[in-house]
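The values are calculated or read from the model by the stated rules, or taken from the named source; none is laboratory data. Remember, it's a predicted structure, so these values are computed and weren't measured experimentally. Neighbour counts run over all protein chains shown; Cβ positions are idealised from the backbone, glycine included. For accessibility, only protein heavy atoms count, side chains too; no ligands or nucleic acids. Shrake-Rupley method; radii C 1.70, N 1.55, O 1.52, S 1.80 Å.
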Amino acid sequence: MIFFLGSVLCQNSYSLLGQTRANITFLPYTPEQRLQIAQSVENLFDFYVHIDQKLAMYAKEFDGEYDPRVRAKQLSALALNGSDADFHFRNVELFASLRDAHLSYNLPPPHSCYAATLAIAFGITEGSNVVVSRFSSRKEILDLAQPSELSKIQIGDQLVAVDGQSFQDYYQASKFQLYGSGDAGSFRAAVRGLSQRTGTIFRMPKQDTITFTLARDQQVFSVTLPWVASAINSCLDNLKSVQTTFQPLALGNPWVESFAKFWEPNQAAFTLQTTTEAKISYGIYTPLNLGIIQLTSFSVADEIQSYEIFHGLLTNELKDTDAIVVDLRDNGGGLSNFAARLPTLFFKDPKGIRVKAKIDRFNDEMLSNKLAVSHLWGEQYAKSDRSQKFSPFFQPMNDSVANIYGQAWFKPLAVLTNGNCYSACDFFAATIQDNEAGLIIGEDASTGGAGALVVDTQGLLSFALPKDFPRFPFESIFGSRAQNMRTPWLQAFRNGKYKDQVIEDFGVKSDYIFQPSLDDIKNKNSVSQWERISKVLPKSNNQLIVDPQLSADVAQDDKLLISVKSSTSVGVNLILDQTVLDTRKIENGTAQLEFDPSNLDLGYHRVKIQAVTTTETLETYRIIRVLPTRPWMTFSPMDLKSKEIVYNRFSLPELGWNNLTISGVYNGDKLNTTASWFFENTATVKLRVEGSLDSLAGAEFWNWYVKDQTGSHLLLSKTGKAQVNETLVFSPVGRFEIQTTMGNVLNPTVKIDTVSIEQ
């Protein structure tokens, strides 16, 4: 989702839950603070976009009053007269009962500093059997977990019962407790809940131990394992800053490790290689010539860089494989923009996800607030028929904006999912299926089915609607570990073949269901799942390899040769807008297309490389930056506003600095804008910049760089509200580029009065 934060690696300490339970409590709130939260909860369920769908789907199955708006009104009395624990746990029960993976009531510290876990985890095999799939990778947890009991367990042991209750009964009872959306998501949430509970959104297990009845080779036996408490040390350290009578207890036998390495990795028949983005890895299963790209989360560090990593894998390391599997199992989502961009690598001009907003007083204010959201969203919302419940459709990211480089993979594609594929993961899988760009292979009948863009009270809600959603206590101390509420905001709908179908609760149905066999779980050399996937993939030799891989610079008086490789006989064209710049013929080899910029404007040009066969047309794109004719500018005192400028490819023609002189006011809308000047000089340079900035502090930055033979160097960075009156002095090496950028999250305004340069 667009407002998600990425996960953070923390140092943890461990002890038995039974020895630590007394410490897992709450910072004391006043009755007035609890009452304020109760009112925010009421407002949130009035704002909740999925309310009607949830009532229609689950009210009859729920024991008691299901409408959260009714139950939320009962919180005020509890806020005034109940304990902190009673109040917070009642909210957790209320939120979890809606069966929405995007809806959560985040508990306050110190409860949110903890998690409960076991030394084993469970997975699902063929026939939807639940089996022991992994052991903890942490020695201390294994030692705490009664080694005599743990020694009885083997990978592949089948789960029969939980504390004397059949797994099916446990699953039915957990549906309204563990936040799982739909059937596939709820089943996976139940399996996950067997061995881990985070104190951020769940209460700790009521018992200190849990007993599993397991079966192996027709032998049935029971084991009792203790819950282990995992504490985030930095979160507990922040408690020292809180002036209360709260005193944390000492943890017994603590040890410190990275939380990300908690579990032993799943067994694999081949090794995946890492990339510069930790959440992207890849490999080739050589016997099947099958390329695999594993994406563990859409919450990547840099959306564009990760998109380019994918592109590079498809056109370099994996280009000679027969098919690609994008492995999204257990991918909980992340950046919706990244999920919108990725499908463009696998299909020509895919139609992406669309969303709708509830028509209510909250969105009247939020979607008209140009400091909060895209004005394009607001314009669509303003067209709403007030007699309806929902706004017209609009796209979180316009299809044309999402598609930078075009299609990079032309051979068969499969997307491997399970019921833990949520949110942006749902979106990606849906876009691939909607455009018939590949097969959806599931370990479950569908993805998790969490279909919305979300907001929370630490972010946009409190920013845009501070009276309805005031910030929670202690947020300045605990940051992301402070109390928070998250809710779906814009409901997502599919496009293309499945146009207008909702994602929430239903997810993306699998074209084929291939669960791992028991041998796949037990034997690291087993490949039956990959073999089954390979057999259903269609055959195709289509591929189009273009060099340069992504982008290139060329001077206006020079020419650029673009190498095009194809495995089949094709005619290839180089096209800019509607003009054919060059055309060649490939006969099982390579052709050179010539890009002549002599009559083109300076700046970025998105050129199409088109390959035409007897049966289809393949297309991809490259970004070419046309630079001034050399020699570049030489020095005398000059006003840069009047000189040649190269603009950034990410700015739409009607926005940013593309259609404005550099002197003037720039008001952006979720775009990144860049302007560059080029020089040839080695002497000391003085750059004079005068202007003003009004932006979101800490998120939007007006930067100035110099780029020379030694690299890129930041000269000036401003954020928030600032008057700029700076003289920047630097000594470049050889030819150099002066560049200014404005990165946008909301809608910054930059007023540039003077930009001048001299030696």
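Site pair Glu594 and Glu317 shows an inter-label distance of 3.8 nm when each label is modelled 7 Å from Cα along Cα→Cβ.
The calculated FRET efficiency for Lys383 paired with Arg606, based on their beta-carbon distance and R0 = 35 Å, is about 0.70. Rounded, prolate or oblate, given the Cα gyration tensor of segment 336-476, with a/c below 1.5 counting as rounded? Note, shape of segment 336-476 comes out prolate.
With a cut-off of 13 Å between beta carbons, the residues surrounding Lys73 carry a summed charge of -1, where Lys and Arg count +1 and Asp and Glu -1. Could you state the angle between the C-alpha long axis of helix 182-193 and the longest principal axis of the C-alpha atoms of the chain, as a value from 0 to 90 degrees rounded to the nearest 10? It is inclined by approximately 70 degrees.
Between Asp360 and Ser712, the C-beta separation translates, for a Förster distance of 45 Å, into a calculated FRET efficiency of about 0.45. For the listed peptides 420-426, 509-515, a ranking on the average number of other beta carbons within 10 Å per residue, highest first, reads 420-426, 509-515. FRET efficiency for the pair Ser551 and Thr629, taken as 1/(1 + (r/R0)^6) with r the Cβ-Cβ distance and R0 = 22 Å, rounds to 0.65. Across the cross-link table entries Lys356/Lys467; Lys358/Lys721; Lys383/Lys608; Lys139/Lys279; Lys139/Lys522; Lys60/Lys358, which are compared at the Cα atoms, the separations over 27 Å belong to Lys358/Lys721; Lys383/Lys608. Mind running the shape call on segment 83-184? Use the C-alpha gyration tensor, a ≥ b ≥ c as the square roots of the eigenvalues: rounded below 1.5 for a/c, prolate if a/b tops b/c, oblate otherwise. It is oblate, given that a/c is not under 1.5 and a/b is not larger than b/c. The gain in end-to-end length when the Glu61 to Thr727 segment is fully stretched comes to 232.9 nm, 0.36 nm per residue minus the alpha carbon separation.
Loop sites only, by DSSP: take the GluC sites (Glu not before Pro) in the chain that have at most 13 other C-beta atoms within 10 Å and name the longest stretch containing none of them. Counting at most 13 other Cβ atoms within 10 Å as exposed, the longest clean stretch of the chain is 66-435. Segment 178-217 and segment 96-154 have Cα centres spaced 7 Å apart. The listed peptides 719-725, 693-699, 623-629, ordered by packing as a protection proxy, come out as 623-629, 693-699, 719-725 (highest mean of other Cβ atoms within 10 Å first).
What the chain shows is 41 Å² of accessible area per residue, with the surface traced by a 1.4 Å probe over protein heavy atoms. Applying a DSSP loop filter and a limit of 15 other Cβ atoms within 10 Å to the trypsin sites (Lys or Arg not before Pro) in segment 112-160 leaves Lys152. Kirkwood-type hydrodynamic radius, the chain: 28.6 Å, calculated from all non-identical alpha-carbon pairs. Helical runs (DSSP H, four residues minimum) scored at -39500 (n - 2.57) apiece and divided by the length of the chain put the mean residue ellipticity at 222 nm at -5500 deg cm²/dmol.
For the peptides 540-546, 381-387, the ranking by packing is 540-546, 381-387, with the highest mean count of neighbouring Cβ atoms within 10 Å listed first.
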